Amino acid sequence: MSRVFNFSAGPAALPLPVLERAAAEMVEYGTAGMSVMEMSHRGKAYQEIFVRTKQAVIDLLGVPGDYEVLFLQGGATAQFAMVPMNLLGEGGKADYVNTGVWSRKAIAEARKFGTVNVAASSESTGFNRIPGQTELELDADAAYCHITTNNTIFGTEYPYTPDTGDVPLVADASSNILSRPMDVARYGLIYAGAQKNLGPSGVTLVVIRKDLVGRARGAVPTIFDYQIHADADSMYNTPPTYAIYILGLVCDWLREQGGVAGIEEVNIRKARKLYDCVDASDFYTCPTEPASRSRMNVPFALATPDLDATFLAETSAAGLVALKGHRLVGGMRASIYNAMPEAGVDALVAFLQEFERRQG
Ligand code: PMP
């Protein structure tokens, strides 16, 4: 076995037991005589997988009864467009908090359909923090308020749930879904691409309050209408059947970790170990404000970028891979989603200390 510790931002590491179970079931699933990939999405065997997976998401996330759970395609990027197409109404307006590249992309899409009020932005400080509640300039007449709960590139994460009054809160939770408890009732809509904490790429989870379904603008294409997907229980067209199946296995694994509360404890510990190591050193620096730091994506820089190539070569050789930071931030980034074992973080911390001793 020569599996590495994979610190990729996404697609990201999956739990080993999930991969092993998928491998065991790859050619023949149960008594079906075929792979899950080969099944009709409307057949009995797949329907059972789908129903179980959807219920697992409801249970783990704590989705109240007045919400729809949808499995869609097009990634979180499709949601940047679907949210305004469905919720903005003709000539409508919405609040967006700009905390990085993904927020900015969501804003650009919404501007095609209506008016965007940037309620707060951390752009002037290089997106190194999350604006606080008192900084939000909210419009009481907005159709919704959009936030990015975890900023994958800049390594920041909301330490609080914004209070938007009666205005529905919409969240892109792609990079921290199911990593910490989330009070779903505080949100009108939550979406997340699967390829960080939920499973493989190709499926996007959408959790939407039922009263927000059925508001699509007149000319919205059928495939982009939440109502169509809700009415068809995500089977209006062929869903990404295999990705949903793996997502179900990830949910089973998460339950074995004590659910979201259990994994949160591990995530807190993993993040603390890494930030403590960086903060204790004069060699490494972290660009983000401590109160806004992400538990999922940890950016850090070496004392000089001249050492970046050596660092990346040596970490790779040591089985610690995909640590190169995003080109907009530079330096390094360790993505430590749910599936990153604590042993992976321990190994990285040990490497960081040893590298500093040699190069510092
Ligand atoms: N939002 C966030 C927070 C992300 O991290 C990403 C992908 N890294 C996206 C949106 C875009 O997701 P996708 O590529 O699945 O469309």
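What follows is calculated from the coordinates using simple rules that are stated; it is not laboratory data. Remember, it's a predicted structure, so these values are computed and weren't measured experimentally. Because the Cβ atoms are built from the backbone with ideal geometry, glycine has one as well, and the counts that use them run over all protein chains shown.
Brief remarks follow.
- About the centre of its Cα atoms, the chain shows a dipole size close to 480 debye [charges on the beta carbon of Lys, Arg (+1) and Asp, Glu (-1) only; nearest 20 debye].
- The amide H of TYR144, built 1.01 Å from its N in the peptide plane, has ASP95 as neighbours under 5 Å, considering only residues 5 or more places off or on other chains.
- Local electrostatic count, MET26, Cβ distance below 14 Å [Lys/Arg +1, Asp/Glu -1]: -3
- Note on region 259-359: dipole from Cβ charges, positive end direction compared against SER316, VAL349, THR285; the farthest Cα belongs to SER316.
- Coordinate range along principal axes, alpha carbons of region 259-359, Å, largest first: 42, 29, 25
- Under the Karplus curve 6.51 cos²θ - 1.76 cosθ + 1.60, θ = phi - 60°, whole-Hz ³J(HN,Hα) for region 214-225, x wherever Gly or Pro sits: x, 10, 4, 5, x, 8, 5, x, 3, 5, 9, 9
- Measuring gaps between exposed loop sites in the chain (trypsin sites (Lys or Arg not before Pro); DSSP loop; at most 15 other Cβ atoms within 10 Å), the longest gap, sites not included, is 113-326.
- Karplus-derived 3J(HN,Hα) values for region 8-20, using 6.51 cos²θ - 1.76 cosθ + 1.60 with θ = phi - 60°, are 4, 6, x, x, 10, 4, 10, x, 4, x, 5, 5, 5 Hz; glycine and proline are entered as x.
- The distance from the alpha carbon centre of region 261-283 to that of region 74-140 is 30 Å, rounded to a whole number.
- Cβ-based net charge around GLU354, under 13 Å, with every Lys or Arg adding one and every Asp or Glu removing one: -1
- The chain, helix-only ellipticity at 222 nm - DSSP H runs n ≥ 4, -39,500 (n - 2.57), divided by all residues, nearest 500: -11000 deg cm²/dmol
- Structure remark: mean-square fluctuation, Gaussian network model of the chain, C-alpha springs under 10 Å; the largest value among SER124, SER281, SER234 belongs to SER124.
- Residue-count net charge about TYR236 - beta-carbon cut-off 14 Å; Lys, Arg +1, Asp, Glu -1: -3
- Approximate shape of the chain as ellipsoid semi-axes (Cα gyration tensor, √5λ), whole Å, largest first: 33, 28, 16
- Less than 5 angstrom separates the built amide H of THR115 from those of GLY92, LYS93, ALA94, all sequence-distant by 5 or more or on a different chain.
- Highest-fluctuation residue, GLY199, GLY331, GLY91 considered, GNM on the chain with Cα pairs under 10 Å: GLY91
- In this rough spin-label picture, where each label sits 7 Å from Cα along the Cβ direction, the LYS44-ALA309 distance is 6.2 nm.
- Of all DSSP-defined beta bridges confined to the chain, some 55% are antiparallel rather than parallel.
- Under-5 Å amide H pairs with THR156, H placed in peptide plane, nonlocal only: ASN151, SER294
- Separation in nanometres of the label points that stand 7 Å from Cα toward Cβ, at ALA24 and THR161: 3.7
- Computed 3J(HN,Hα) for region 97-114, one whole-Hz value per residue from the Karplus formula 6.51 cos²θ - 1.76 cosθ + 1.60 where θ = phi - 60°, is 9, 9, 10, x, 4, 6, 4, 5, 5, 5, 5, 4, 5, 4, 5, 6, 10, x, glycine and proline marked x.
- Highest-fluctuation residue, TYR144, TYR191, TYR236 considered, GNM on the chain with Cα pairs under 10 Å: TYR236
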